[in-house]
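Just so it is clear, none of the values below were taken in a lab; they were calculated from the coordinates. Only a predicted model underlies this, so the values are computations on that prediction, with no experimental measurement involved. A quick note on method: Cβ atoms are made from the backbone with ideal geometry, for glycine too, and the neighbour counts reach across all protein chains shown.
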Amino acid sequence: MTSFADLLFLTCLAWIFAHELDAIKQHEWRILPLTSWMSEKWAYPTFVLLHIPLVVWMMVMSPSTTFQIGMDIFLIVHAGLHIIFRNHPSYTFDNTLSRILIFGVVPLAMTHLLMITV
């Protein structure tokens, strides 16, 4: 049977996947150091295609407690990075849905982190 902590973590994963869908709409590759220097012609497909192995890796690793702890920490840091980059000229995550997808997962990740480490 799946525990509440497992469901909470899977919700966090789904949340970041939803954020990545929004990141495509918001042209996040224009902000990221890995892709911001690329032309639009190359940055968009690179950003999208790199998510295939990334998502596979996340799904494969999801049962690992170490991975879960790392992902929880990443989700919290990720929200902080969005605060840092909010003044970037290409930053467009300035609508309600984007903010919910970026910041709404933080309490869930913190709760999950506490549940599996305490």
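Sequentially through region 98-109, phi angles give Karplus couplings (6.51, -1.76, 1.60; θ = phi - 60°) of 4, 5, 4, 5, 7, 9, x, 7, 4, x, 5, 5 Hz, Gly and Pro residues having no value and appearing as x. Peptides 103-112, 75-84 ordered by packing proxy, namely the average of other Cβ atoms within 10 Å per residue, highest first: 103-112, 75-84.
Between the residues 109, 36, 21, the greatest Cα displacement towards the positive end of the dipole of region 4-117, with unit charges on the Cβ of Lys, Arg, Asp and Glu, is found for 36. Between the helical axis of 65-85 and the longest alpha-carbon principal axis of the chain there is an angle of about 40 degrees. For the chain, the relative contact order comes to 42 percent (Cα pairs under 8 Å, sequence separation of at least 6). Peptides 48-58, 29-39, 14-24 ranked from most to least packed give 14-24, 29-39, 48-58, packing being the mean of other C-beta atoms within 10 angstrom over each peptide's residues.
When only the Cβ of Lys, Arg, Asp and Glu is charged (+1, +1, -1, -1), the dipole of the chain relative to its Cα centre reaches about 200 debye.
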